[in-house]
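The block underneath contains the structure these notes are about, expressed in structure tokens.
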Amino acid sequence: MRQTRAIEMGTGLFVLLGFAALFFLVTQITSREFGLGDNGYRLTATFEQVGGLKPGAPVSMSGVTIGRVESISYDFNEYRARVMLRIGKPYDRIPDDSDAGILTAGLLGGQYLGIGPGSSETFFKDGDQIQFTQSAIVLENLISKFLFSKAAEQKPAEGSAQEATQ
Amino acid sequence: MAAPVIHELVASVRESLRALGAYAIFAVRLARETPRALWRFGLVVEQVHNTGALSLVIIMLSGLFVGMVLGLQGFDLLERFGSEESLGSVAALGLLKELGPVITALLFAGRAGTALASELGLMRATDQLAAMEMMAVDPVRRVVMPRFLGGVISMPLLAAIFSLIGLFGAQLVGVQFMGVDSGQFWSQMRGAVELDDVMEGVLKSAVFGVACSLVAVYEGYHSVPTAEGVGRATTRTVVISSVSVLLIDYMLTAVML
């Protein structure tokens, strides 16, 4: 009897340890926050270009994570990308003229959604859409814009140089 | 002159095919017995103790050292790119997705698989299994099933413990010895690891648990009832389990990546 009790104790300890390890790995190591049920509220925003934004990316105000990107889909009515956000419950005082932009954390970091507060007296409610959005910056477009503007600068400069010699 | 060689080759291919078939039939039989065996949970608990709880020390010790060496090697490599803060994510992903499940399975095959195979083999050699059959007790139901299920239950838990201890080993070397910033270590890790990564590790270790336990009980149950046969069964258990774990690991990784 004592033998079986010892075995059961050992087994119980092992199983407990195993599940504790699993629980720790799931809750502490991953970036996911587990709330009980669906707390917080949803917002949507449409963007011309979402770049590398992915579901699960943080939504932040002044660097503080206040929510997560829930899903990204394509809206064929507006021909823009529609991003669903879930904002945590404590952050329910965001002015409804705030703007959202897709930003990059660090030089090689992942992309996140930054919200800059507006000055309205009324706040966002569940299901609202953020009106003012700024798309992700695509490096190729930036480079080509830079090159074109350089080329455009050079032409009048050459023209004026020729005028001067005449 | 080549005829005997070809003949042997054909015979060995046939034998492998037969073994594969026998494994499949045995696996189906075990799967069908599973619900009934879970009913007699006391027997399974005893085997969880044998395969899981008694493997704990070797798993924890190995996990610690694997994590520590991962911390050391990872630090050395990442320092060359000036990104030693990402040591946390490297260690966590490496341990959760690959090293945890695979090394645990290999150790499990060596520690618990051999114990299962030799125990069953000795039962076979000393006619205990035949005696059970004579008393109308199905040895698969009474002896094999609890051992199989005990292994299947233990393996994911052992792998989780291995990964966790390994992570602390990596933290110990990276943060305490090498001076990686502790906050960076953990926050980079949290940023990089998704729930899917943890689940991938759990799924892998569950599959390895089934594979290792199946090989161990099959080889033990079907061992030649002599001293040499038992020895051979344990050897085959380790060899087949290890190779199949590595093989399955590649396939699972290719599917889930």
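So here's what we get for this one:
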quantity	calculated
Relative contact order (%) - chain B, alpha-carbon pairs under 8 angstrom, separation at least six	32 percent
For region B:196-236 and region B:98-163, distance of Cα centres in Å	7 Å
Cleavage-rule hits (GluC sites (Glu not before Pro)) in region B:104-205: DSSP loop, at most 11 neighbouring Cβ within 10 angstrom	none
Cα gyration tensor shape for region B:114-166, rounded if a/c is under 1.5, else prolate or oblate	oblate
For region B:1-148: relative contact order, % (alpha-carbon pairs under 8 angstrom, 6 or more apart)	31 percent
Ranking of B:TYR250, A:TYR41 by count of other Cβ atoms within 10 Å, fewest first	B:TYR250, A:TYR41
Relative contact order of region A:1-154, defined on C-alpha pairs under 8 angstrom at six or more residues apart (%)	24 percent
Coarse-grained scattering of region B:6-155 at q = 0.15, 0.17, 0.19 Å⁻¹, given as base-10 log I(q)/I(0) from a Debye sum over alpha-carbon atoms	-0.92, -1.03, -1.15
Net charge of Cβ neighbours under 14 Å - reference B:PRO35; Lys, Arg +1; Asp, Glu -1	+4
Estimated 222 nm signal from helices in chain B, with DSSP H stretches of n ≥ 4 weighted -39500 (n - 2.57), rounded to 500	-27000 deg cm²/dmol
Entries in A:LYS54/B:LYS204; A:LYS54/B:LYS97; A:LYS54/A:LYS150 that, when Cα-Cα distance is taken, lie over 28 Å	A:LYS54/A:LYS150
Burial ordering of B:ILE58, A:ILE29, B:ILE240, fewest other beta-carbon atoms within 10 Å first	B:ILE58, B:ILE240, A:ILE29
Fewest-first sequence of B:HIS7, B:HIS222 by Cβ atoms within 10 Å of each Cβ	B:HIS7, B:HIS222
Per-peptide average of other Cβ atoms within 10 Å, ordering A:77-84, A:118-125 highest first	A:77-84, A:118-125
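Rule-based calculations on the coordinates, nothing more; no lab input. All values derive from a computational prediction rather than experimental measurement. For neighbour counting, all protein chains shown are included, and Cβ atoms are generated from backbone atoms with ideal geometry for every residue, glycine included.
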